[in-house]
1. Which of the following residues is more than 10 Å from every other protein chain (Cβ to nearest Cβ), in contact with a helix residue (DSSP H, G or I) (Cβ under 9 Å, 6 or more places away or on another chain) and within 23 Å of B:G16 (Cβ to Cβ): B:L64, B:L110, B:L83?
2. Kindly check whether there is at least one residue in the stretch A:94-104 that is out of contact with any Gly (no Cβ under 9 Å at 6 or more places or on another chain) and at the interface with chain B (Cβ under 8 Å from one of its Cβ atoms).
3. Just to be sure before I move on: is B:S29 surrounded by 11 or more Cβ atoms within 10 Å (Cβ to Cβ) and of a type in the set (S, T, Y) in the structure I sent?
4. Can you report the number of residues in the stretch A:20-49 which are assigned to a loop (DSSP other than H, G, I, E, B) and under 12 Å from the mean Cα position of the chain (by Cα)?
5. Within the stretch A:39-68, track down each residue that is aliphatic (A, V, I, L, M) and over 30 Å from B:T10 (Cβ atoms).
6. Limited to the stretch B:30-54, what total is found for residues that are more than 10 Å from chain A (Cβ to nearest Cβ), under 24 Å from A:Q37 (Cα atoms) and of a type outside the set (A, V, I, L, M, F, W, C)?
7. From the list A:A61, A:A17, which one is away from every other protein chain (no Cβ under 14 Å) and either in a strand (DSSP E or B) or not β-branched (V, I, T) (or both)?
8. Does any residue of the stretch A:83-93 turn out to be in a strand (DSSP E or B) and either among the polar types (S, T, N, Q) or farther than 26 Å from B:P105 by Cα (or both)?
Amino acid sequence: GIQVEQSPPDLILQEGANSTLRCNFSDSVNNLQWFHQNPWGQLINLFYIPSGTKQNGRLSATTVATERYSLLYISSSQTTDSGVYFCAVVNSGNTPLVFGKGTRLSVIA
Amino acid sequence: SQTIHQWPATLVQPVGSPLSLECTVEGTSNPNLYWYRQAAGRGLQLLFYSVGIGQISSEVPQNLSASRPQDRQFILSSKKLLLSDSGFYLCAWSAGTLETQYFGPGTRLLVL
């Protein structure tokens with residue numbers, strides 16, 4: 001099946017810094033989503049982005065499907081951005097989302 | 001708007017006891033439904049998914065089972081819990097496989 005690799009596995013930022021999280025996948029995708037899991041465990045949808053670029057406030061994402069990667073940009077990070085960021089993809093047909101192992105982000109004041 | 005509920009929020013059960021976790025979705029019909037487990041504080045493991053009533057696909061063989069008795073209800077069960085069943089169980093729904101997936105608040109299960 002399709003492989004999803006996220007980097008870096010862990011990231012520590014000073015509040016106000018910018019960061020880029022990367023998601024590489026091993027095959028073509030029909031669906032790609034970015035999620036944020038907050039410290040209480042809730043998984044929040046950030047982007048549905050199988051291709052192209054989207055922005056939502058301080059967050060933006062770009063997926064280059066032909067090169068099999070997606071990037072999540074966090075600008076002017078805040079302590080509330082802390083948590084684990086997951087990338088998940090659907091390869092084809094009716095197969096479910098395949099998740100990467102996540103990037104654990106800690107933003108310190 | 002659509003909402004997804006899970007209960008209980010937390011559960012402590014002895015080894016060998018049965019388990020029933022419930023997930024319901026409101027505000028949509030014929031959703032795809034999913035059960036995940038997060039055991040190590042990071043990765044999500046897909047356990048079961050369902051594209052319709054009575055249709056259950058199992059991703060990982062183990063002592064858990066799932067049922068979908070109604071369109072918007074998804075139940076995760078076990079007849080006898082193991083220590084290794086401890087973890088954070090998340091239910092999710094989507095309008096289709098290629099649609100955005102939304103997660104419930106989760107159930108924290110501790111098996112002692």
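1. Only one candidate qualifies: B:L64.
2. yes
3. no
4. Looking only at that region, the number is 1.
5. Those that are aliphatic (A, V, I, L, M) and over 30 Å from B:T10 (Cβ atoms): A:I49, A:L59, A:A61, A:V64, A:A65.
6. 3
7. Exactly one residue qualifies, and that residue is A:A17.
8. no
Only the coordinates and a few stated rules stand behind these numbers; no lab work does. Just so it is clear, the structure is predicted and the values come from calculations on it, not from any experiment. Glycine also receives a Cβ, built like all others from the backbone with ideal geometry; neighbour counts cover every protein chain displayed.
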